[in-house]
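Quick notes on the structure that follows.
What follows is calculated from the coordinates using simple rules that are stated; it is not laboratory data. The structure presented is a predicted model; accordingly, all values stated were derived computationally and were not measured. Cβ sites come from the backbone with ideal geometry, for glycine too, and all protein chains shown count toward neighbours.
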């Protein structure tokens, strides 16, 4: 989804999003849907919107596969890239940390959609808040059945104290 900055009307653009993504490691069976509002203010371009998609994950507790919804609200500012000499270093200022720089007259919003959806994916997805995970001893999925393993962990450095307690 490419737009030309010079063709953005004064009242802005309202865009409907329907992008198919295939990022590595995440299964996204359906297209990302949502809306974007693009406004131009002098040489800056402001993009606001909401995006949503269904994705397949692997639970970080029980390792089971599940589907969930990924939602993202975005507000991004594009500014023209500052003229920086290739050999010269450019230090980012505090106001530039949430800004995307562009060159030329064209913006690729597909890359913005992809980036925002990847940022919205949870780092440790969980199939449910009540997921019990796997037994640390035998590896059984504790959501499906209980095992009889002793999961009490005793620090090996304190085993000597347990022996002393037994002697008393």
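Each residue, residue 33 and residue 126, gets one label point 7 Å from its Cα in the Cβ direction; the gap between the two is 2.9 nm.
Taking the helices alone, the chain has a mean residue ellipticity at 222 nm of -3500 deg cm²/dmol, built from -39,500 (n - 2.57) per DSSP H run of at least 4 residues and averaged over all its residues. Taking other C-beta atoms within 10 angstrom as a stand-in for reagent exposure, 54, 20 fall in the order 20, 54, fewest first. Residues 78, 102, ranked from the fewest to the most other C-beta atoms within 10 Å, line up as 102, 78.
Helix 109-120 and the longest principal axis of the C-alpha atoms of the chain enclose an angle of approximately 20°.
Among 33, 151, the order by Cβ neighbours within 10 angstrom, fewest to most, reads 151, 33. Among the listed values [x] 25.2, 86; [y] 24.3, 75; [z] 18.5, 57, the one computed from these coordinates for Rg and Dmax of the Cα atoms in Å is [x]. The antiparallel fraction among DSSP beta bridges confined to the chain stands at about 90%.
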